[in-house]
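What follows is a single structure, written as structure tokens, with notes after it.
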Amino acid sequence: MGLIVQKFGGSSVADANKVRNVARIITETYRRGHNVVVVLSAQGDTTDDLIAKAQEINPNASKREMDMLLSTGEQISCSLCAMAIEAMGYPVVSLTGWQAGMQTNSTYGNARIKRVSTERILNELDRRSIVIVTGFQGINKYGDITTLGRGGSDTSAVALAASLHADLCQIYTDVDGVYTADPRLVPEAHKLQEITFDEMLELATLGAQVLHNRSVEMAKRYNVNLEVLSSFSGNPGTKVKEVVKIVEKSHVSGIAKDKNMARLALVGLADEPGIAFRIFSLLSREKINVDIILQSIGRDDKKDISFTVAKSDTDAAKRILEENREYIGFDHIDVSDNIAKVSIVGAGMINNPGVAAGMFEALFNAGINIHMISTSEIKVSVLVDIDDADRAVQVIHRKFFDDNGLQSAM
Ligand code: ADP
Ligand code: ASP
Ligand code: MG
């Protein structure tokens, strides 16, 4: 007998039949003799609908009140699922983030879990209850409800698995596992049996929404036995682990796309020391994360610097730079949010320079222009026009994988 944490995403609990389906998966696990802790997301599009409701009332609502509102979605799905399990005759209790002991910092809207006080959950498990916990939410030191950022229920599940020393953390979703690319965009993408924490972390950070990136970070840190699988198909899923079998190692593990970004270009900067420092220290003071940075070669003692930020930070970044125009010294700022980042990820690519060239060739053959490039040991990212992004993922996938999803010879 072991302890299993099972997390079900919004599409897995979208309506009454789906809630019953999830209840069946949970109770089957329980009947096999396991202790089961369940984490649920809000049903279907509930979180988006709640955001729309807030917009109607006050587009500038405080983050605290937004968290108060958004956390209600998870409460609905958890109580409904507990009711479905009750109806099947099993002992069950649903708990809010607060009742489950999820303590976070005070960053409303993007809180980090600091500690999980597991006493209540352990007491319930001792009584052989199935425990259902609201994902995505916790409580801060002021006793206020916080949320963990969109997609954060995965992180709630991994945090519980780590704190309870669970034997397994299963993330149930609407696809069979982690694929070489989003299977909705690339139907011939193939499911990975296994992927390393590092590669999964890159893919999640670069836009593959199948796992919240902080859940992967935490799973790696606490060596959580993590699996992604479908709540509908019953097929084996993808194991996310420290080391994967050598046969699975290929140059490229996956392709990801992120449309949630904007590019700012500061044009006509002085070509002298200290300029980059001024720009990026101002942005960091505002807690604005910068991603890809490109500096042009100086000409006539002038240069340009472009960089990308999350779309939601665009206005704040522009404002802070405009306010410091004299201090930085530039002609003007160009802002574009019609761009997207497309990335290839793979632990095997560092020793294979042909990989980046292969990506650029695929884009060239498709007539797709690259605006910026950034590389690291396990990824290559390019910035392209937003309208080219889906096609870019498809042609790059075709370049690296054949129609069966198998890695093509490079
Ligand atoms: P949930 O509601 O279960 O949390 P999400 O919508 O957050 O589900 O994540 C699942 C979705 O992630 C899939 O429906 C799929 O379209 C998308 N996705 C993006 N990249 C990948 C990938 N590489 N592998 C699998 N799914 C991916
Ligand atoms: N319900 C939240 C969201 O839609 C959290 C989650 O689903 O993980 O972002
Ligand atoms: Mg999700």
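The values are calculated or read from the model by the stated rules, or taken from the named source; none is laboratory data. Predicted, not measured: the structure shown is a model, and the values here were computed from it. Methodologically, a virtual Cβ is constructed for each residue, glycine included, from the backbone with ideal geometry; neighbour enumeration extends over all protein chains shown. For the accessible areas, the whole protein counts, side chains as well, though only heavy atoms, and no ligand, DNA or RNA atoms are used. Shrake-Rupley method; radii C 1.70, N 1.55, O 1.52, S 1.80 Å.
Of the conditions (1) in a loop (DSSP other than H, G, I, E, B); (2) away from ligand 3 (no atom under 16 Å from the Cβ); (3) open to solvent by less than 30 Å² (accessible area, probe 1.4 Å), Gly177 satisfies every one except a single condition; which number is it?
With respect to (1) in a loop (DSSP other than H, G, I, E, B); (2) away from ligand 3 (no atom under 16 Å from the Cβ); (3) open to solvent by less than 30 Å² (accessible area, probe 1.4 Å), Gly177 is out only on (2).
Would you point out which residue out of Ala340, Ala317 is in contact with a Lys or Arg (Cβ under 6 Å, 6 or more places away or on another chain) and touching a residue at least 12 places away in the same chain (Cβ under 8 Å)?
Of the residues listed, the single one that is in contact with a Lys or Arg (Cβ under 6 Å, 6 or more places away or on another chain) and touching a residue at least 12 places away in the same chain (Cβ under 8 Å) is Ala340.
Using the structure shown, decide if Thr96 is of a type in the set (S, T, N, Q), open to solvent by 20 Å² or more (accessible area, probe 1.4 Å) and closer than 28 Å to Lys18 by Cβ.
Spelling it out, Thr96 is indeed of a type in the set (S, T, N, Q), open to solvent by 20 Å² or more (accessible area, probe 1.4 Å) and closer than 28 Å to Lys18 by Cβ.
If you check Val243, Val252, which single one turns out to be among the hydrophobic types (A, V, I, L, M, F, W, C) and surrounded by fewer than 17 Cβ atoms within 10 Å (Cβ to Cβ)?
Val243
Out of the residues in segment 189-204 meeting the condition of being open to solvent by 40 Å² or more (accessible area, probe 1.4 Å) and in contact with a Ser or Thr (Cβ under 9 Å, 6 or more places away or on another chain), tell me which one is farthest from ligand 1 (Cβ to nearest atom).
Gln193
Determine which single condition Asp15 fails, assuming it passes every other condition in (1) under 18 Å from Gln75 (Cβ atoms); (2) within 14 Å of ligand 2 (Cβ to nearest atom); (3) surrounded by fewer than 17 Cβ atoms within 10 Å (Cβ to Cβ).
Every listed condition holds for Asp15 apart from (2).
Tell me which strands (runs of 3 or more DSSP E) are completely within segment 183-276 and hold 3 or more residues being within 23 Å of Ile4 (Cα to Cα), or say none if there are none.
194-196, 226-230, 238-241
For segment 291-389, list the strands (runs of 3 or more DSSP E) that sit wholly inside it and hold at least 3 residues that are buried (at least 18 other Cβ atoms within 10 Å of the Cβ); which are they?
Qualifying strands (runs of 3 or more DSSP E): 302-310, 339-345, 379-385.
Does segment 52-65 include one or more residues that are part of a strand (DSSP E or B), over 21 Å from Val228 (Cα atoms) and over 23 Å from the mean Cα position of the chain (by Cα)?
Within segment 52-65, not a single residue is part of a strand (DSSP E or B), over 21 Å from Val228 (Cα atoms) and over 23 Å from the mean Cα position of the chain (by Cα).
Among the listed residues Tyr90, Tyr108, identify the single one that is within 23 Å of Gln170 (Cβ to Cβ), of a type outside the set (Lys, Arg) and in a loop (DSSP other than H, G, I, E, B).
Tyr90
Answer yes or no as to whether Glu74 is in contact with a strand residue (DSSP E or B) (Cβ under 7 Å, 6 or more places away or on another chain), of a type in the set (D, E, K, R) and more than 12 Å from Gly135 (Cβ to Cβ).
no
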